[in-house]
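As structure tokens, the structure follows; a few thoughts come after it.
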Amino acid sequence: MTEMVVEASKAIALAAKLCRPKVIPMYPITPQTHIVENLAEIINNGELDAEIIHAESEHSACSALLGAQASGIRTFSATASQGLALMFEVLPIVAGNRMPCVMAVANRALSAPINIWNDHSDAVSVRDQGWIQIYVESTQEAIDTLIQLYRVCESKEVMLPGMLCIDGFTLSHVYERAFVPDQSEVDEFLPEYKPLNILDPANPITMGPIAFPNSYMEFKKMQHEAMLLAKKEIEKANQEFGKKFGRKYGNGLIETYRMEDAKYAIIGMGTLIGTARTVVDKLREKKKKVGLIKLRSLRPFPDEKLRKAIEGLKGLAVIDRHISVGYEGPLYTDLRSAFYGSKLTLSNYIAGLGGRDITAAHIEKVFIDLMNGKSGGWLL
């Protein structure tokens with residue numbers, strides 16, 4: 001294992017290299033470009049035996065990802081914002097064909113107006129297309145989660161694609177101290193990819209056929225059941241990774257902080273969690289019983305684990321970095337459904353859109369609102 005100070009984007013490229021993908025379709029878009037640039041350099045230096053496909057668009061990159069994976073090899077790609085939106089047509093095709101592709105998404109606001117900074121509007125907008133989505137807080141967590149994600153997606157019980165979601169710029173371009181595993185260690189943890197079905201001229205099969213009304217729902221039901229099974233696979237991968245490498249992240253689906261006797265808590269995803277931790281510590285010094293829940297897995301959604309985590313709480317504030325225009329924050333919608341029937345006071349805050357900083361003062365205000373019985377709003 002090598003210790004280094006490294007940009008998160010390069011760290012993700014190094015982690016991808018350790019997973020031994022054979023084809024990497026790519027199209028550059030800020031702020032993910034450093035990921036594939038670093039992979040191109042790694043391949044050029046002879047450190048990874050893989051082919052980069054320089055696609056003419058993100059739609060083409062995702063199509064190539066699908067085609068390469070269908071040939072029976074491990075793949076990787078990365079995108080962001082409008083690039084992910086341009087992939088939209090192909091995303092459910094990848095998932096519906098049960099291709100365990102892995103892709104990094106450097107979360108960035110969707111236009112218009114044009115904005116290159118972070119929020120979660122890109123990935124959250126495609127949460128229903130059959131891709132596992134894991135949101136991470138740090139460079140180290142990004143390295144470790146990418147390796148785990150391949151194992152989860154390629155599990156024979158799952159066979160679904162996955163997105164590693166990192167906050168654009170706020171994480172993607174930040175340099176942090178991290179430990180990069182050795183190749184031999186990753187090879188022991190992540191077995192060689194063995195596909196269930198491949199496109200082979202010597203053994204012709206059909207992939208992606210038409211499904212009539214008498215069979216389409218059965219396909220979707222199987223996808224849904226596989227996504228539910230992914231919860232256990234995420235927990236298992238996190239636990240076994242922890243045993244081997246000495247690092248794990250809660251139970252893999254969620255991670256809690258100072259929740260043992262908490263009466264009020266905040267839940268969110270990504271880098272805002274680091275800021276929230278410092279505020280929780282500050283308020284704990286003032287004898288306030290506050291805590292924090294980090295949601296790692298947006299899909300599959302860990303409703304059972306979350307219901308367990310909120311036991312004993314009086315109030316929970318949901319911080320969304322995306323707005324379902326005309327309604328509310330999508331994470332808040334999911335949580336309202338998960339907690340239906342609970343007496344918990346649940347409030348929604350929209351924050352950090354288009355790269356707006358979520359400050360310690362914002363977080364402290366949310367806790368004060370919770371303790372005073374005030375509802376949510378926009379943190380401007």
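Laboratory data are not the source of any read-out in this text; all were calculated from the coordinates shown. These numbers were taken from a predicted model, which means no experiment stands behind them. Using ideal geometry, Cβ is built from the backbone for each residue, glycine included, and neighbour counts are taken over all protein chains shown.
Okay, here's what the table says:
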read-out	value
Rounded to whole Hz, the Karplus (6.51, -1.76, 1.60) HN-Hα couplings of segment 123-134, x for glycine and proline	6, 5, 5, 10, 5, 9, 9, x, 9, 4, 10, 10
For Ala78, residues with placed amide H under 5 Å, excluding near neighbours	Tyr27, Ala104
Which of Leu146, Leu229 has the fewest Cβ neighbours within 10 Å, and the rest in rising order	Leu229, Leu146
Alpha carbon convex hull of segment 2-245, volume per residue in cubic angstrom	125
The chain - percent relative contact order, Cα under 8 Å, separation 6 or more	17
Distant-in-sequence amide H partners of Ile254 (H built 1.01 Å from N, under 5 Å)	Arg296
Expected 222 nm ellipticity per residue - DSSP helices of 4 or more, -39500 (n - 2.57), all of the chain, to 500	-11500 deg cm²/dmol
Long-range amide H partners of Ile53 with built H, under 5 Å	Ile24, Met26
Hull-based mean projected area of segment 254-379, where the convex hull spans the alpha carbons, in square nanometres	7.2
Percent breakdown of C-alpha pair distances by 5 Å bin, ordered from the shortest bin, for segment 5-115	2, 13, 24, 24, 20, 11, 4, 1, 0
Share antiparallel - DSSP beta bridges, segment 2-245, percent rounded to 5	25
Loop GluC sites (Glu not before Pro), segment 13-111 (other Cβ atoms within 10 Å of the site Cβ: 15 or fewer; DSSP)	Glu47, Glu56, Glu89
Label-point separation in nm, Lys263 to Asp200, each point 7 Å along Cα→Cβ	6.4
In order through segment 80-92: 3J(HN,Hα) via Karplus (6.51 cos²θ - 1.76 cosθ + 1.60), integer Hz, x for Gly, Pro	6, 6, 4, x, 5, 4, 5, 6, 3, 4, 8, 3, x
Dipole moment magnitude, nearest 20 debye, the chain about Cα centre, only Lys, Arg, Asp, Glu C-beta charged	1620
Debye, to nearest 20: dipole size of segment 1-135, +1 on Lys, Arg Cβ, -1 on Asp, Glu Cβ	340
³J(HN,Hα), Karplus 6.51/-1.76/1.60, whole Hz, each residue of segment 165-181, x for Gly, Pro	9, 10, 5, x, 6, 3, 10, 4, 10, 8, 9, 9, 6, 8, 10, 9, x
Most positive-pole-ward Cα, Trp378, Pro92, Pro201, against dipole of the chain from beta carbon charges	Trp378
Kyte-Doolittle mean at least 0.0, axial Cα span of 30 Å or more - DSSP H helices of the chain	none
Anchor Lys286: lysines whose Cα lies under 25 Å away (excluding residues fewer than 8 positions away in-chain)	Lys263, Lys294, Lys314, Lys365, Lys374
Rel. contact order, % - alpha carbon contacts under 8 angstrom, at least six apart, segment 254-379	28
Low-density loop positions, GluC sites (Glu not before Pro), segment 136-211 - DSSP coil, at most 13 other Cβ in 10 Å	Glu157, Glu192
Inter-part distance where segment 349-380 and segment 296-337 are each reduced to a Cα centre, Å	15
Cα extents of segment 139-283 along the three principal axes, largest first (Å)	62, 41, 30
Dipole-positive endmost among Pro31, Ala109, Gly326 within the chain (Cβ charges, Cα centre)	Gly326
In segment 152-214, the chymotrypsin sites (Phe, Trp or Tyr not before Pro) that fall in loop regions by DSSP, at most 10 other Cβ within 10 Å	none
